[in-house]
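*Asks:* Encoded as structure tokens, here's the structure I'll be asking about.
The numbers here are math on the coordinates, done by the rules we state, and not lab data. Because the structure is predicted, anything quoted here is derived from the model rather than measured. Virtual Cβ from ideal backbone geometry, glycine too; neighbours counted across all protein chains shown.
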Amino acid sequence: MGIDEKLEPILAEVLRRNPGESEFHQAVTEVLHSLGPVIAKHPEYADSALIERLCEPERQIIFRVPWQDDAGKVQIARGFRVQFNSALGPYKGGLRFHPTVNLGIIKFLGFEQTFKNALTGMPIGGGKGGSDFNPRGRSDAEVMRFCQSFMTELHRHIGEYTDVPAGDIGVGGREIGYMFGQYKRLTNRYEAGVLTGKGLAYGGSRARTEATGYGASYFVNRMLGARKQSFEGKRVVVSGSGNVALYTMEKLIQFGAKIVACSDSGGYVVDENGIDLALVKELKEVRRSRISEYAKMKGGSARHVERGSVWDVPCDVAMPSATQNELTGKDARVLIKNGIVAVGEGANMPSTPDAVRAFQEAGVLFAPGKAANAGGVATSALEMQQNASRDSWTFEQTEARLAEIMKNIHDTCARTAEEYGAPGDYVLGANIAGFIRVAEAMRSLGVI
Ligand code: GLU
């Protein structure tokens, strides 16, 4: 689809002012390409430079993070927090620790987060942060010292009513614990609502660990259901083997699917008997080892492939759950040739624009990340609710809320796509529905 003529110069200006930030360009380009129909119907949404303001983060913080490794050597990492939009609530979004992190990556993630959080219907704005620190191969003590140093700067910029970080790639329960400990120590306040993804021992929510993967599974299940299909007996490939991938596999197995492959940055494993999830969990959550170990320990039915793409494995449903731009146009064409029915993005922007186009042209059901993976942040908002009321809900109660939220997100995207003349286009539906929520709030708040 071409871009609306009012939006074209806005996009050109965003690209010009943010040179070299290719992922940010990609995220903004996709959203602005979707907004034509809504601007045509509601020209007031383009007043007061609303769209220009939406593309400019409210605040961007970059800081030095010095830390000492186990050998006593001082290392320097770079820390980021991009507070993108707070029209709907305090900035909310994860922290990513990965060597590829730079300002453009954090801006793309913060931009996506703003729309995703709006889609949840919860009172949360959008933000994202992280560091180019590489946790791979680092000891617990090194990770703790890094997290403490990172929080020593970050703490002055966040708070229950200001900005509430959580996890993302490289940041899980261990890191959140160390960061919460340091925040508590620096502020002398037990402010549970300042971070989410906390452990159950100190204010975390049940089902938060499972929420992103479970939520993506619920979303795709409903998308299939709308076409009188289900996961029962479907072959599914899940990329990655981190938090999102593990709990996507768990829920899809409950839904009757067979998971035939998963991966990490060192390759992928195929197991025609169905991936043994207990073993993958042991390898990834406990031992923090490589997925290649799976084939070594399993033998027989399992094989590890070092080169090539996990998307070469024939399947009915693909759940890209690793990282941005991991599924290319070439991969999409292989999946289409192998008869794929649906794609559900568990990661943020895992499909390249070329891949998305190929799926849509081939009539493959496509659930974009900002809708499909919103269950994680939605459950973070439930964690904030529990913290604010000093309450703690059961797993069943929390999962039921998550399932309800995912159903609403699905239905909102589907209805919006239909209303704007593109039935079945969940990309357009998600972008427009998320945009309208943020735009309504921004218009009420005046030019700020
Ligand atoms: N990093 C997750 C995401 O991409 C979760 C963010 C959160 O819970 O705040 O949505």
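*Asks:* What is the sum of charges around L283, taking Lys and Arg as +1, Asp and Glu as -1, for the other residues whose C-beta is under 9 Å from the C-beta of L283?
*Replies:* Local net charge: +2.
*Asks:* Tell me, what does the Kirkwood hydrodynamic radius of the stretch 331-448 come to in angstroms if you use every pair of distinct C-alpha atoms? Intermediate results must be reported in sequence, preceding the final value.
*Replies:* Values: mean 1/r = 0.0620 Å⁻¹.
Kirkwood hydrodynamic radius for the stretch 331-448: 16.1 Å.
*Asks:* While we're looking at this one, here's another question. How about the stretch 302-347: which trypsin sites (Lys or Arg not before Pro) there lie in a loop by DSSP and see at most 12 other Cβ atoms within 10 Å?
*Replies:* Listed in order of number, the matching sites are R307.
*Asks:* Here's a follow-up. Taking H placed 1.01 Å from N in the peptide plane, check which residues at least 5 places from Q75 or on another chain put their amide H under 5 Å from its amide H.
*Replies:* Sorted by chain and number, the residues that satisfy this are W67, Q68, D69.
*Asks:* Hey, in the GNM for the chain with a 10 angstrom Cα cutoff, which one of V236, V305, V31 fluctuates hardest?
*Replies:* Checking each option, the largest mean-square fluctuation is seen for V305.
*Asks:* Still on this structure, I have one more. In the stretch 149-198, which chymotrypsin sites (Phe, Trp or Tyr not before Pro) fall in coil by DSSP and have 16 or fewer other Cβ atoms within 10 Å? Don't skip to the end; give the middle numbers.
*Replies:* On the way: sites: F150, Y161, Y178, F180, Y183, Y190; in loops: Y161, Y190.
Listed in order of number, the matching sites are Y161, Y190.
*Asks:* A further question on this structure: Using only Cα atoms, locate the centre of the stretch 1-44 and the centre of the stretch 325-366, then give the distance between them in Å, rounded to an integer.
*Replies:* Centre-to-centre distance over Cα atoms comes out at 22 Å.
*Asks:* For the chain, what is the calculated [θ] at 222 nm in deg cm²/dmol (nearest 500), taking -39500 (n - 2.57) for each run of four or more DSSP H residues and dividing by its residue count? The partial results should precede the final answer.
*Replies:* Numbers: 17 runs with 205 residues, N = 448.
-14000 deg cm²/dmol, from helical runs alone.
*Asks:* Quick one: which residues, 5+ away or cross-chain, put their amide H under 5 Å from the amide H of G93? H built at 1.01 Å from N.
*Replies:* Long-range HN contacts for G93: G127, V164, A166.
*Asks:* In nm², what is the average projected area of the convex hull enclosing the Cα atoms of the stretch 267-353?
*Replies:* For the Cα atoms of the stretch 267-353, the hull's average projected area reads 5.9 nm².
*Asks:* Rounded to the nearest 0.05, what FRET efficiency do Q397 and D140 give with R0 = 51 Å and r taken as the Cβ-Cβ distance? Could you check?
*Replies:* Values: r = 33 Å, r/R0 = 0.65.
So the FRET efficiency works out to roughly 0.95.
*Asks:* Further question: List every residue whose amide H lies under 5 Å from the amide H of W393, counting only residues 5 or more places away in sequence or on a different chain, with H placed 1.01 Å from N in the peptide plane.
*Replies:* The answer is R206.
*Asks:* Between beta-carbons, use under 11 Å as the cut-off and find the net charge around G167, counting Lys and Arg +1, Asp and Glu -1.
*Replies:* Values: positive: R96, R174, K198, R208; negative: D168, E175.
Every neighbour counted, the sum reads +2.
*Asks:* Label point 7 Å out from Y161 along Cα-to-Cβ: which residues of the stretch 412-447 have amide N under 17 Å?
*Replies:* Of the residues in the stretch 412-447, none has backbone N under 17 Å from the label point off Y161.
*Asks:* I'd like the distance separating the alpha-carbon centroids of the stretch 129-174 and the stretch 212-247, in whole Å.
*Replies:* 29 Å
*Asks:* In units of 2.2 N^0.38 Å, what is the alpha-carbon radius of gyration of the chain?
*Replies:* Normalised by 2.2 N^0.38 Å, the Cα Rg of the chain equals 0.93.
*Asks:* How high is the FRET efficiency between R59 and R390 when r is their beta carbon distance and R₀ equals 41 Å, given to the nearest 0.05?
*Replies:* According to the calculation, E is roughly 0.85.
*Asks:* Another question, then. GNM, the chain, Cα, under 10 Å: largest mean-square fluctuation among H25, H98, H157?
*Replies:* Among H25, H98, H157, the largest GNM mean-square fluctuation belongs to H157.
*Asks:* From the phi of every residue in the stretch 56-71, what ³J(HN,Hα) in whole Hz does the Karplus formula 6.51 cos²θ - 1.76 cosθ + 1.60 yield, where θ is phi - 60° and glycine or proline is x?
*Replies:* Ordered by residue, 3J(HN,Hα) equals 10, x, 5, 7, 10, 10, 10, 9, 7, 10, x, 8, 10, 7, 5, 7 Hz.
*Asks:* May I pose another question? Mind listing which trypsin sites (Lys or Arg not before Pro) in the stretch 342-448 are in a DSSP loop and have 14 or fewer other Cβ atoms within 10 Å?
*Replies:* Of the trypsin sites (Lys or Arg not before Pro), the ones in loops of the stretch 342-448 whose Cβ has at most 14 other Cβ atoms within 10 Å are R390.
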